[in-house]
Amino acid sequence: MPLLYMIGVIYLSSNHTHKIKTLHKLNNFYKVFYESSIICYLIALRATNRRFLPFVVFLLALLSMEIQHTIQFGGDTDKLAQKVLTGEKTATSSLYDYYLLNLKKMSRVGDYALVIDSSGKDVCTIRIEKVEIVKFKDITELFAREEGDGNLASWLEIHTAHYSFQLEKIGKYLTGETELVCEWFKAV
């Protein structure tokens, strides 16, 4: 019970960002615990004080949240990261060619990622809700807004320059047929 009490004190007395960082550190340290449902059940049974039981359930859920990768948005990194926090940005896109060349790891629905700012500091954690491969020419007005760019014209201006530069690095050119990995996410 002392470990559970210490974790509870950290959780109850800290701000949200600190809670998530602390629990991610615990996730790495106690990974073995959440892999065993028997141990999780025993921990819940040890919480004899009923007011700690909801916390135990919450803690076990967060311990099972494993961060698969980090995301640092291109362009105005800090502004885009803040838009995730406000809910203005709920999607992102990247070049499918980078995944084919193993330069990036493909996200899957249910994955968790850490959004970082331009200095590498944690901003928030997101959960991937949907992943699709979409041709550049098929990007919609709705997706442009979900990416936080306001409208399709703005999205095209920003991403044409960005993706052209990124493709040049690998000896390719941007066309309407260029495939993008579009990801929709939710801040947690």
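The values are calculated or read from the model by the stated rules, or taken from the named source; none is laboratory data. Just so you know, these numbers come straight off a predicted model, no measurement behind them. We place every Cβ from the backbone using ideal geometry, glycine too, and count neighbours over all the protein chains shown.
Some observations on this one:
- Taken over region 95-110, the criterion of being crowded, with 19+ Cβ neighbours inside 10 Å and under 25 Å from Val188 (Cβ atoms) is satisfied by Ser107 alone.
- Any pair with Cβ under 6 angstrom, 6 or more apart, that starts in region 67-94 at a residue that is part of a loop (DSSP other than H, G, I, E, B) and ends at one that is surrounded by 15 or more Cβ atoms within 10 Å (Cβ to Cβ) and of a type in the set (Gly, Ala, Ser): Glu88/Gly148; Lys89/Gly148
- Top-ranked residue in region 152-188 [being loosely packed, with under 12 Cβ neighbours inside 10 Å, among the hydrophobic types (A, V, I, L, M, F, W, C) and at pLDDT 95 or above; ranked as farthest from the chain's Cα centre (by Cα)]: Ala153
- Failed item in (1) touching a strand residue (DSSP E or B) at 6+ places or on another chain (Cβ under 9 Å); (2) modelled with pLDDT of 95 or more, with Lys105 passing the rest: (2)
- Breaking point among (1) farther than 20 Å from Asp78 by Cα; (2) part of a helix (DSSP H, G or I), for Val181: (2)
- The condition (being in the same structural domain as Tyr163 (by TED's automatic domain parsing), over 15 Å from Cys182 (Cβ atoms) and of a type in the set (Val, Ile, Thr)) is satisfied by just one residue among Val84, Val131: Val84.
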